[in-house]
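Read the structure below first, then the notes.
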Amino acid sequence: MAAPFNYYDYITGSHELYQRYADDWRLAVRSYWGGVEYRDAQYLRSYAIDQSTPSDTIRTYDQQDGVVTGSYTTEVVRPVNTQQEADSGGASSLGSFYAEKVANVPVLPYTRLYVSEYNAILFRSPPVRNLPDEADITDFMRNCDGEGNSLNEFQSMVDIYSTVYGVVWVSCLKLAGADYPKWRMHSPLDVLNWKYGYNANGDLELKSIVLRISTEPDVQILQHITADTIETIFMPLGEDDIDVPEGAEYIFDEEGEDDDDKGFYRTVQANPLGYPPVSPIYQSTKIYNGIGHTLVFDIAQIQRSIYGDYGEIYSSISYGAHPVTVVDETTLTQNDFNVGAEPGSVIQVQNSLNGQPNYIFEFKSPPLDSIKELRELIDQKIAKMNEIAMIRSEDMIKASRSGVQIEMYDSKLEAMIRKKAVSLENAEANVLWPMWFDWQGISMPDDLTVSYNRLYNQKGLENELAELDKLLLTYERFEKVFGPDNYEDIPQEFATQDEAEAMANVLGG
């Protein structure tokens with residue numbers, strides 16, 4: 001028997017599938033963004049030596065008559081990002097070698113390259129729509145989301161982020177005073193909870209959904225949409241009071257403790273459509289309701305692994321390329337513990353005994369053989385990632401024997417592009433436009449159609465031209481050897497006049 005529905009837990013909690021996929025969604029979108037967002041996630045492995053080794057240092061020296069008499073080392077003070085970090089003495093990796101490593105290891109955003117390639121193929125030819133010639137529709141086509149994006153640009157973003165996440169959600173809402181409804185795209189990270197069920201006809205349909213609209217330092221704004229109502233929820237995140245609309249209702253957990261500190265405010269308006277005007281758009285295949293499949297999940301894992309390998313190379317060079325000083329205790333004491341390898345340093349040592357040094361002073365560094373192995377491993381991972389992404393590399397083109405073989409490589413990519421086109425067509429023509437016309441209170445035209453580019457055929461043009469050149473050269477050689485100019489004109493003899501005239505007639509004489 002199912003547990004009774006708890007409204008408060010539904011609004012303040014999250015779907016179990018959201019909790020399962022949230023980390024992969026974050027990795028996927030950060031892999032697409034790259035840059036600051038990727039570095040801030042700190043995907044590099046942190047070793048104990050990384051935290052104990054300071055990052056940047058400043059060295060100062062005392063000199064007397066041009067001779068260095070003292071050396072001093074000072075760590076660079078790093079600025080903190082928040083007051084909380086300042087109160088606690090800064091972040092755990094602040095000023096450490098790990099922070100330096102995160103800031104300097106390069107990110108190779110292969111995910112963005114692949115996703116952009118897919119999107120460029122799909123939108124190489126713009127979608128073709130048969131829509132009524134009306135002023136509201138024309139204005140909507142120019143600015144469909146209220147942020148200045150045209151319909152084609154909006155659908156392009158839907159395609160990009162559905163490839164990244166496997167699914168995105170699109171809502172169609174008409175705000176008070178608006179001339180026409182607008183579409184809004186929601187990442188799965190902002191769709192916190194949802195419920196599906198079957199209607200009287202046995203069709204699966206969305207019953208309710210919780211969307212995160214905005215997050216500020218002191219308040220989080222949500223929308224809870226059902227078949228009957230559209231609720232706007234203001235959830236405090238701190239101790240300070242928040243601004244809420246006049247007449248907002250305060251909701252708290254009746255079964256919990258300290259209810260006054262855990263509640264939220266909400267405003268409620270009627271939903272005239274009789275169903276939640278929100279729909280998921282899947283990249284290709286649906287795994288669960290609200291969860292879609294995408295190969296970016298696998299690509300992002302490989303990209304993160306390559307990023308980790310580059311981190312190991314950076315550490316190997318930092319720790320191994322520069323030797324350390326090995327010195328005996330007597331020599332160190334004799335120099336007041338100021339023994340270094342800086343140019344101009346003067347180090348006092350003991351006298352030699354029987355021609356042999358009576359001290360130890362040398363540079364030591366670990367071997368760097370692992371760097372070569374790491375580079376080879378990175379190349380292998382990139383090659384495998386290209387195969388998973390179905391993007392043919394230059395090496396694959398060179399290894400192919402014909403353009404037909406390259407066309408076979410492209411057939412898998414063509415199938416995926418076709419699925420993306422069909423998914424966008426079905427979502428736009430069968431779900432989003434019907435919602436739009438329902439808000440306007442008019443019937444959707446029977447002849448409304450939407451068509452996306454489903455064809456993709458990109459042969460290896462260079463290979464095709466090379467094959468054509470070979471065929472032309474072969475033909476020219478054939479003509480030189482077996483052409484008409486190389487035949488000798490040998491006269492034919494016939495026994496009678498009638499036979500000669502008959503052959504002449506056959507030859508057109």
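The values are calculated or read from the model by the stated rules, or taken from the named source; none is laboratory data. This one's a predicted model, so the numbers in the text were calculated from it and none came from an experiment. Methodologically, a virtual Cβ is constructed for each residue, glycine included, from the backbone with ideal geometry; neighbour enumeration extends over all protein chains shown. Accessible surface is based on the protein model in full, side chains and every heavy atom, while ligands, DNA and RNA are left aside. Shrake-Rupley method; radii C 1.70, N 1.55, O 1.52, S 1.80 Å.
If R0 is taken as 45 Å, the Cβ-Cβ distance between Tyr275 and Leu471 corresponds to a FRET efficiency of 0.15. A crude spin-label estimate for the pair Gln301 and Leu448, with each label 7 Å from Cα along the Cβ direction, gives 4.1 nm.
What FRET efficiency, computed as 1/(1 + (r/R0)^6) with R0 = 35 Å and r the Cβ-Cβ distance, is obtained for Glu479 and Leu507, rounded to the nearest 0.05? Kindly include the intermediate steps, with their values, before the conclusion.
Values: r = 23 Å, r/R0 = 0.65.
It comes out at approximately 0.95.
One decimal place: the segment Asp218-Tyr196 gains 4.8 nm when fully extended, by the rule 0.36 nm per residue minus the C-alpha distance. The stretch between Thr285 and Gln492, if pulled fully straight at 0.36 nm per residue, gains 67.0 nm over its current Cα-Cα span.
By how many nm would the segment from Ser370 to Asp336 grow when fully extended, if each residue of separation counts as 0.36 nm and the alpha-carbon distance is taken off?
Values: separation 34, 0.36 × 34 = 12.24 nm, distance 3.69 nm.
Going from the current span to full extension adds 8.6 nm.
Legend: calculated FRET efficiency, Glu329 to Asp40, from the Cβ-Cβ distance at R0 = 35 Å, rounded to 0.05, equals 0.20. Using a simple spin-label model with pseudo-atoms 7 Å out from Cα toward Cβ, Thr267 and Glu117 lie 4.8 nm apart. Pop out the carbon and sulfur fraction of the accessible area of the stretch 151-197 as a percent, whole number, probe 1.4 Å. Percent of accessible area from carbon and sulfur atoms in the stretch 151-197: 48.
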